[in-house]
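The values are calculated or read from the model by the stated rules, or taken from the named source; none is laboratory data. Predicted model only: the values in this text are computed from it and were never measured. Calculation scope for accessible area: heavy atoms of the full protein, side chains included, ligands and nucleic acids excluded. Shrake-Rupley method; radii C 1.70, N 1.55, O 1.52, S 1.80 Å.
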Amino acid sequence: MNAPIRISSISQACKMQGLGPPPHPMISIIECSQLKESPGISVILDFYMISIKRNCNNLMYGQQKYDFDEGFMAFMGPNQILSGQKHEPGYEPQGWMLSVHPDFFWGTPLARKIKQYEFFNYSANEALFLSDKEEKVMNDIVANIRHECNGNIDGFTQNIIISHLETLLNYSERFYQRQFITRKITNHQILDRLNELLIKYFDSDDLVNKGLPTVEFISESLHVSPGYLRSLLKNLTGLSTQQHIHEKLIDKAKEKLSTTSLSVSEIAYGLGFEHPQSFNKLFKTKTKVSPLEFRASFN
């Protein structure tokens, strides 16, 4: 694999695919049937990319095939790496790829709001898998965007396209919430593995050297992206990954406070805290009492 090529503009991306310049310099929609295979090539995009692809029934979601055979939707944000793949024999790609440069959002509420859509940070195996009905909703919205891009650009064009894009993103968020529900068994398995991982981590005698577990460590251990794990946990439990870490930490602290004669400083140090004050503050925030007050309640 060669070093990634940075693609700074949508026109440059079209040129790499042997296509003409897009009707609008800041946004384009390309049919997947127009895309060339590019094995061994990886690129870094300076823009957002949203795509729907079909005829990819060998795609795996974690350890299992995805739920819907018709299509899946993927999201990429700026500065992410996209790697080219060699097509399988008989592969006939269908769908579309929508690219939008961040500059297109300047002066609109979406410039700030788009950063709140966490699915732009999900990995490939965390794509949005669509039913026929859901795919039609997305295709209809993109058809409206294509119509605006191909028409005469005037003072209304940007606002109309922005409105359609926001609708597309809001439906994406709704369908992801549906996906969290339809994948309840798989998602609860991830939650169970998270709890087991945290229990094992805090039972370790090496916390002094390892420190507290990070969100990145947890997500890597569970083989999911940090953004997807956060969204999944929020949907299942209402808590973020960091809050789950803190919950298990407090449980372990309570155990040590109630069953050992270790000082609060020794417990804090043993749980990976450099400064006991930080441990005391977190404990009181979570339990409404100080570590010493909690210990005194057992005497």
Which log10 I(q)/I(0) values does the range 157-235 give at q = 0.17, 0.18 Å⁻¹ under the Debye formula, counting every alpha carbon as one identical point scatterer? -0.76, -0.81
The helix 157-182 Cα axis meets the longest alpha-carbon principal axis of the chain at an angle in degrees, between 0 and 90 and rounded to 10, of 50 degrees
For the range 186-252, accessible area per residue (1.4 Å probe, heavy atoms of protein chains only), Å²: 48 Å²
For the range 103-257, with all protein chains present and a 1.4 Å probe, just round the carbon and sulfur fraction of the accessible area to a whole percent. 50 percent
Would you calculate the volume per residue, in Å³, of the smallest convex hull containing every Cα atom of the range 121-210? 147 Å³
Any idea what log10 I(q)/I(0) is at q = 0.29 Å⁻¹ for the range 239-284, Debye with uniform C-alpha scatterers and no solvent? -1.13
Could you tell me how far the Cα centroid of the range 202-279 sits from the Cα centroid of the range 122-145, in Å? 37 Å
Cα pair distances in the range 94-253, grouped into 5 Å bins until the bin that holds the longest one, percent each: 1, 7, 15, 17, 14, 12, 10, 8, 6, 5, 2, 1, 1, 0
Viscosity 0.890 mPa s, temperature 25 °C: Stokes-Einstein D of the range 206-260 from its Kirkwood Cα radius, in µm² per second? 199 µm²/s
Would you mind giving the three semi-axes, in whole Å and largest first, of the ellipsoid equivalent to the range 124-168 according to its Cα gyration tensor? 25, 11, 8
Percent of Cα-Cα distances greater than 26 Å, calculated over the range 71-184: 25 percent
Residue by residue through the range 280-296, what is 3J(HN,Hα) from phi via Karplus (6.51 cos²θ - 1.76 cosθ + 1.60, θ = phi - 60°)? Round to whole Hz and write x for glycine and proline. 4, 5, 5, 4, 5, 4, 7, 10, 6, 10, 7, x, 5, 5, 5, 5, 5
Sorted largest first, the Cα spans of the range 219-299 on the principal axes come out in Å as 42, 22, 21
Which log10 I(q)/I(0) values, to two decimals, does the chain give at q = 0.07, 0.13, 0.15 Å⁻¹ under the Debye formula with one point per Cα? -0.38, -0.96, -1.15
